[in-house]
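Input: a single structure, listed below in structure tokens.
None of the figures in this text is laboratory data; all of them are computed from the coordinates on show. Values in this document were obtained by computation on a predicted structure and should not be read as measured data. Because the Cβ atoms are built from the backbone with ideal geometry, glycine has one as well, and the counts that use them run over all protein chains shown.
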Amino acid sequence: MNILDLLKADGFTVTRKASTSGGEYASACPWCKGIDRFRVWPEEGRYWCRGCDRKGDAIQYLRDLKHMTFREACISMGREPGVRSEPARSNPPDWQPREIEERSLPWRELMIKFVTWAAENVASDKSGQAAHFLRDERYLQDGTIRSFLLGWNPKEFHIPKDKLGLTEYDRDEIWLPSGIVIPYTAGDGLHRVRIRRFAGEPRYYLCPGSSSAPMLISGPGQVVIVVESDLDALLIHQEAKDMVTVIALGSATIRPDVKTHQTLTKADKVLISLDADEAGAKQSWQWWQTHYPQAKRWPVIRGKDPTEAHANGLDLRQWVLAALPSHNRRDTPPQKPSSNVRVLGEKPPDGHCFSCGSNQFWQMPDGGWRCSSCHPHPHQEAMNLLSSPHHMNRENSGHGVAQLSNPHIYKGVH
């Protein structure tokens with residue numbers, strides 16, 4: 001992992017500008033947000049912003065942007081913390097979790113409209129691209145898609161930055177690319193909107209104004225599983241929500257915020273399952289073990305991440321079950337059938353749903369059967385997309401596509 005990898009993981013688009021010094025690359029500056037001012041020379045391992053004069057190497061990047069200590073940054077990059085040749089910094093020697101900063105009211109209001117509209121688009125998408133990706137490639141059930149407000153943005157938008165209250169942003173407009181919309185809402189509202197793109201880099205785009213704090217999906221608090229991808233976390237929650245709490249970092253370099261740290265500290269066991277092809281799988285393990293003594297590496301088999309392993313035949317529920325203390329396994333119903341497995345046949349499967357214990361199933365057009373509790377029939381009344389009164393006030397939040405097509409708010413690029 002080098003500086004380019006760190007920038008991409010943090011949602012920045014990097015463009016090659018020259019071949020000098022082994023290659024010169026440009027992106028927006030992570031600090032001053034200046035366009036095309038930030039220069040990176042990966043072969044030399046250094047960066048410099050012509051706007052705010054930030055400069056350094058990958059270690060300095062993690063220390064300044066992620067507020068890591070020198071030792072933590074070295075561990076995250078897979079380097080041995082040697083003798084420091086740099087002057088001592090004023091940062092505290094020990095890592096401390098940070099509070100999630102509250103999103104601005106204009107950002108929350110407009111992004112709630114966008115998220116609600118995008119969630120409605122999944123069902124109305126005539127191309128079927130969004131539904132195919134979420135259901136057939138990510139193995140997410142309709143109930144999970146609705147519960148977490150996963151959405152579809154069919155075309156890119158440019159929003160004037162003042163509409164979102166991002167006056168400090170260097171560009172005049174905020175870009176929302178086409179792709180799968182992945183919001184993160186906590187108890188006090190919307191914190192983040194990430195878009196999974198089908199083309200271009202970065203593949204996972206963090207919308208400006210969003211929090212980079214981990215996604216916390218609450219469950220039984222005794223065992224916590226830590227993964228990288230939001231979609232991996234949703235899949236694990238879907239398959240084992242009655243057994244574990246799931247945390248998605250978004251990137252191997254992200255550290256827990258205060259609420260996430262409290263959840264991790266109270267847990268009896270913390271299972272670290274970072275992507276096998278990322279630096280976080282090995283290099284940051286020492287960091288997790290240092291700050292959470294109850295942490296244990298728990299990689300998936302048959303793949304680099306939980307979704308790929310699931311596609312290759314791994315039963316994620318059994319994978320989670322194998323990590324649980326024996327006293328937590330007593331009430332787990334037998335697996336006949338698994339709620340996410342399609343069993344073909346003219347008659348419904350014998351036994352009970354492995355996830356909820358129900359014995360009620362309905363048949364799909366392809367002949368498969370699904371649990372009526374875990375997978376409500378698509379013709380049943382859909383759940384409300386947003387539960388709070390503020391979110392449900394459609395007079396204040398606009399009316400889906402009509403609101404988004406308003407030229408005074410969004411300018412679509414065709």
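The order of the peptides 146-157, 229-240 by mean Cβ neighbours within 10 Å, most packed first, is 229-240, 146-157. Could you tell me which of rounded, prolate or oblate describes the stretch 103-148, using a ≥ b ≥ c as the square roots of the eigenvalues of the alpha-carbon gyration tensor, with rounded for a/c under 1.5 and, failing that, prolate when a/b is larger than b/c and oblate otherwise? Prolate, because a/c is 1.5 or more and a/b exceeds b/c. Model label sites at Ser147 and Ser358, defined 7 Å from Cα along the beta-carbon direction, differ in position by 1.2 nm.
Entry for the stretch 117-174 at q = 0.17, 0.21, 0.24, 0.27 Å⁻¹: log10 I(q)/I(0) = -0.65, -0.77, -0.86, -0.99, Debye formula applied to identical alpha-carbon scatterers, no solvent contribution.
With both labels modelled 7 Å from their Cα along Cα-to-Cβ, the Ser127 to Val258 distance reads 4.2 nm.
Extension gain for Ala311-Trp175 works out to 45.7 nm (0.36 nm per residue, less the C-alpha to C-alpha distance).
Taking label points 7 Å from Cα along the Cα-to-Cβ direction, Glu101 and Ala186 give a separation of 1.4 nm. Remark on the stretch 132-223: Rg and Dmax equal 14.9, 46 Å (Cα only). Filter Lys8/Lys66; Lys241/Lys269; Lys33/Lys259; Lys113/Lys155; Lys66/Lys259; Lys33/Lys155 down to the pairs with a C-alpha to C-alpha distance above 19 Å, please. Result: Lys33/Lys259; Lys33/Lys155 exceed 19 Å. Can you list which of the trypsin sites (Lys or Arg not before Pro) found in the stretch 1-82 are DSSP loop residues with at most 15 other C-beta atoms within 10 Å? Passing sites in the stretch 1-82 are Arg50, Arg79. Between Trp31 and Met1, the FRET efficiency estimated from the beta carbon spacing at R0 = 35 angstrom works out to 0.95.
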